[in-house]
């Protein structure tokens, strides 16, 4: 049994198998998950686990070089967007129209469904290469 960090087996396995530029989606309870995309359902009840706490735990084990969010989060859920920015630090965040964001989820290795019930609390994380700064 793992001592620390991410202890959910399916989620830990997906993160461990990510290669450079692979993507994973952390989603609220309502985001549609494309058929054929692995679903890791963490939702227990309304609000649990929360989106930001789930993102925080995933980031303890994943190098992220870029992230995507729906442009709607900027106006419809600025608290969540601020939390994403704080957790990702200097990682670039690109906004997409919500329909394009939903299409991109089909290209991710998995969608992690949280119990978050606030709108547009979703992010697609792009895996980096072992923490190397590729911009240098």
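Residues 39, 113, 46, ranked from the fewest to the most other C-beta atoms within 10 Å, line up as 46, 39, 113. Placing a label point 7 Å from the Cα of residue 22 along the Cα-to-Cβ direction, the residues of the stretch 104-119 whose backbone N falls under 15 Å of that point are 107-112.
In the stretch 23-127, Cα pairs under 8 Å separated by at least six residues give a relative contact order of 58 percent. Counting only the Cα atoms, the stretch 1-71 fills a convex hull of 123 Å³ per residue. Taken over the Cα atoms of the chain, the convex hull encloses 107 Å³ per residue.
Any read-out appearing in this document is the output of simple, stated calculations on the displayed coordinates, not a laboratory observation. Only a predicted model underlies this, so the values are computations on that prediction, with no experimental measurement involved. Positions of Cβ are backbone-derived with ideal geometry, glycine not excepted, and every protein chain shown enters the neighbour counts.
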